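Worksheet: the structure to be examined is printed underneath.
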Amino acid sequence: MDIKEEEFLKRLLATFKLEAEEHLHAISTGLIELEKSTDSKKTAKLIETIFREAHSLKGAARSVNIRDIETICQALEDAFAALKRKEISLTQDSYDLLHKAVDNIKQLVSVPDSKQSSSTQLSIGELIQQLLNSTKGVRQPGQAKEPARKQPVKEVQAARDETIPASLPQDEVVTVRIPKTKLEPLFFQAEEMIQAKIATAQRAAELQALSDSLEWWKTESRKWKTRHSTNRGHNYNEWMEWNEQRLEEIEQKMLSITRAAEVDQRIVGRMVDDHLEAMKTILMLPVASLVEVFPLLVRDLASDQNKQVELILHGTELEVDKRILEELKDPLIHLLRNCVDHGIEKP
């Protein structure tokens, strides 16, 4: 594989990762809402949404040749196809298994195939078999009472923490999707900067012309002095008049350039201010980008402790500086854990 092919593959995988994260978020959110839903119409809509998201993710995985993700998505698709046909129903164990499938896909998205251990491959195979059995109404031996997805609370939190890392290695590339509405002002400003660049080049050309004019004036003055050195008194008035004309011309040019430069300065200053403001806006992310993993985190914590917990989020559309959100992540997770661990009793 040559360098161009490697670069193309890297870009393709980066695009797939972004697309996969969107599909996985939709599936995970849909599962949480589906588990709480009591309305038949809403339930049917959620099932259809999750089915389509799994199907789309399967196609994306196939395009980059990640077979494990494709196979798990096919199993998910089969499960929700059976659910659409009302051939199966979901239990607590079923939801645990489906969330486990999503977690496995997240790991596969973040870790290249070459870095997957044999134990990971084995767990994927077991997971797929469990999903396939669930569509047939078959339970694995010993699973009637024990949830299929049994993780310690610390491991659950660790898995969720990977979704929004507080910090990343310096050599790791972070890709963030930015809404088109935030990028459009930057494109307009870029066009204005081209005009400012042209204006600046024009001022430089005018200053160069003025410098050439001054140099010419000096040369002509020396020539005049040489020609009329013997008869200075007779030609003095003529020489003074010529110098005054040159001086007036240069003063007019200087005044014109100064005024134009002042206008350019105001324009460029405004453009810089607008650009900085637009960049600040790009750094603003909705709170939802931080808390979107919290419902699943709370569900796992509550499930492991046999508690009934419902997390309700408000105001997640508010935008906050990305750097502040990153600093808030760990404290908020700590608060959530304390609430579930110590603030809520078992039924």
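The values are calculated or read from the model by the stated rules, or taken from the named source; none is laboratory data. Predicted model only: the values in this text are computed from it and were never measured. Note that each Cβ is placed from the backbone with ideal geometry, even for glycine, and that neighbours are counted across all protein chains shown.
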(message) I need every pair where a residue in the range 196-211 that is under 20 Å from Arg246 (Cα atoms) and in contact (Cβ under 8 Å) with a residue 24 or more places away in the chain has its Cβ under 8 Å from the Cβ of a residue that is assigned to a helix (DSSP H, G or I) and aliphatic (A, V, I, L, M), sequence separation at least 6 or different chains.
(response) Glu206/Ile257; Glu206/Ala260; Leu207/Ile257; Leu210/Ile250; Leu210/Met254; Leu210/Ile257
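Condition first: among the small types (Gly, Ala, Ser) and either outside any helix (DSSP H, G or I) or on the phi > 0 side of the Ramachandran plot (or both). Now tell me which residues in the range 284-328 satisfy that.
Keep residues of the range 284-328 that are among the small types (Gly, Ala, Ser), which gives 288-289, 302-303, 315.
Result: Gly315, single match.
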(message) I'd like the full set of residues that are loosely packed, with under 12 Cβ neighbours inside 10 Å and not in a helix (DSSP H, G or I), limited to the range 329-345.
(response) Glu345
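Sort through Lys115, Lys41, Lys45 and tell me the only one that's among the basic types (Lys, Arg), at pLDDT below 90 and over 18 Å from Glu19 (Cβ atoms).
On the way: Lys41 fails: at pLDDT below 90; Lys45 fails: at pLDDT below 90.
Going through Lys115, Lys41, Lys45 in turn, just one is among the basic types (Lys, Arg), at pLDDT below 90 and over 18 Å from Glu19 (Cβ atoms): Lys115.
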(request) Filter the range 44-77 down to residues that are crowded, with 16+ Cβ neighbours inside 10 Å, acidic (Asp, Glu) and either free of Cβ contacts under 8 Å to residues at least 40 places away in the same chain or in a loop (DSSP other than H, G, I, E, B) (or both), then give me how many there are. (result) 3
(message) Could you check the range 186-220 and list, in sequence order, the residues that are charged (D, E, K, R), at pLDDT below 80, farther than 29 Å from Leu283 by Cβ and surrounded by 14 or more Cβ atoms within 10 Å (Cβ to Cβ)?
(response) none
(message) Restricting to the range 226-239, name every residue that is surrounded by 10 or more Cβ atoms within 10 Å (Cβ to Cβ), at pLDDT 70 or above and not aromatic (Phe, Trp, Tyr).
(response) Glu238
(request) With respect to Thr281, determine if the residue is of a type in the set (Ser, Thr, Tyr), surrounded by 13 or more Cβ atoms within 10 Å (Cβ to Cβ) and in contact with a Lys or Arg (Cβ under 8 Å, 6 or more places away or on another chain). (result) yes
(message) Checking Leu12 against (1) under 24 Å from Asp300 (Cα atoms); (2) in contact (Cβ under 8 Å) with a residue 24 or more places away in the chain: exactly one of these is not met. Which one?
(response) (1)
(message) Step by step: first the residues of the range 15-43, then only those that are touching a residue at least 40 places away in the same chain (Cβ under 8 Å) and among the small types (Gly, Ala, Ser), then the one that is farthest from Ala101 (Cα to Cα). Which residue is that?
(response) Ala20
(message) Show the residue pairs meeting these rules: Cβ distance below 7 Å; 6+ apart or different chains; first residue within the range 280-294 and modelled with pLDDT of 85 or more; second residue surrounded by fewer than 16 Cβ atoms within 10 Å (Cβ to Cβ) and polar (S, T, N, Q).
(response) Pro286/Thr316; Val287/Thr316; Ala288/Thr316; Val291/Thr316
